[in-house]
Each structure stands twice: as C-alpha cells, then as structure tokens.
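Peer 1: Handing you a structure now.
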Amino acid sequence: MTQTERDALLDAALIHVPFDGMNDRALLAGARDLGMSDALARVYFPQGGAGLAAAYHRRADAELRDWLAGTPPQGRFRDRVAAAVWHRLELSDVELVRAGAATLTLPQNAALAARLVWETADVIWTGLGDRSDDVNWYSKRATLSAVISSTVLFWLGDDSDCRADSRDFLDRRIDGVMRFEGVKARLGRLPGAEMLGRAAFGWIRSPKPRDLPGKTHS
C-alpha cells in the first residue's frame, strides 16, 4: 500500500462522483479505471464514500496549510481570517463538495463531518499564528467551525456573480466572531476574571500532537 496509489485512486474516483455520488460506486469505478481490484480499493478507503469525502477535504486542507505558510494573507486579523476561509472554499469544487456533504450528513458520518470542519478551523487558526494553549484554543476553533459550516451551506446554494453573496455572508459571520472575541477579551480584564477563569477552566489545554495507530491526514 502506498500513498501515491491511494492518491491516484482518489483522483480516479472523483471523476465519477458528479455522476454516481460520493459513494462506493464512484470508488469502485475509479478502481476499475486504474485496473485495481475492488478489495484493494476498500483497503485504501474502508469507509467508502465517507472516506473519499474525508480524503478530498483533507487534501484541500493541506493545500490551505501550504498557502498560509507560503503566502499568508495580510491586513487586519479579521480580514486574514476571512481570506483564509475564502481561499479554502476556492480550493474546492462545488459539485464535489455537494456530493461529499450529502454523504457526510448521513447519521453514521456525523462525527467524521464535525471532525473535518474542526480540522479546517485548526489549520486556519494555526496558520495565522494562534498559540493559545487553554480554553481559548477550543473556543476559537468552535466559533470558526460554526462560521465555516454555515458559509459552506450558503456557498453551495449561491448563484450570485462570482458568489459575491457568499463572500458578504462570510464577512458578516467573521464580524460576529470578532465581536465575540472582543467581548471575551474585555471580560477577561475584569477584576477577578483571570482567577475565576483558572478555577473554572485552568485544567483545559490544547491537545498535543500524537501519532495514533491507523491515523491518516490525507
């Protein structure tokens, strides 16, 4: 088993997704195009369509990570966040995202769907220099995950020119996040707030990188 073969299978399967959906049919059709056995295809993607959707999502996350490292957006912080989210959307094909969403919204895939959005939020915050190591690590990613999820849903149904309405929607949501962060910062400066925060949430720390058995990020 090689990563190159898995990537080739992903590419081959994605060609069939607009016609067959993000499912086993597309996966096995892609395998046949490569002369690969069905059994090996299922080894590469044991979750079938959900695995395809996750691999496609994580590939774009990896491209976003490289973009943030190489050409990070400039300007106000809220503009940098908005630019990162928008660039992530531009890395995706609408029809493939729509097919992936149809698969990931199935009840058995709900946990995976939530994890994928969280991973994207983490890529953005980390790429923009976030170094928080307490409850803020979670709150920032939770609020941005909500922004990403709602923006993707809007974007999928947007037929405005160059999806300008989606960009406006994203900007409004980002403004809401920035207001929340501002309120949180002001509350943190109140007398006794720091001590109370340590008592209530001082035990919370961001997770440390771990190499888990069987864990893949592609």
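Peer 1: Can you divide the C-alpha Rg of the range 1-151 by 2.2 N^0.38 Å and report the result to two decimal places?
Peer 2: 1.12
Peer 1: Count neighbours as other Cβ atoms within 10 Å of each site's Cβ, and list the trypsin sites (Lys or Arg not before Pro) in the range 69-175 that are DSSP loop with at most 14 such neighbours.
Peer 2: Here the sparse-neighbourhood loop sites are 76, 131.
Peer 1: Working only with C-alpha atoms, what are the Rg and Dmax values of the range 59-142, expressed in angstrom?
Peer 2: 13.8, 41
Peer 1: Kindly put 45, 77, 169 in sequence by how many other C-beta atoms sit within 10 Å of each C-beta, fewest to most.
Peer 2: In order of increasing Cβ crowding within 10 Å: 77, 169, 45.
Peer 1: How big is the C-alpha Rg of the range 1-46 next to the rule-of-thumb value 2.2 N^0.38 Å, as a ratio?
Peer 2: 0.98
Rule-based calculations on the coordinates, nothing more; no lab input. Given the structure is predicted, the values throughout are model-derived calculations rather than measurements. Using ideal geometry, Cβ is built from the backbone for each residue, glycine included, and neighbour counts are taken over all protein chains shown.
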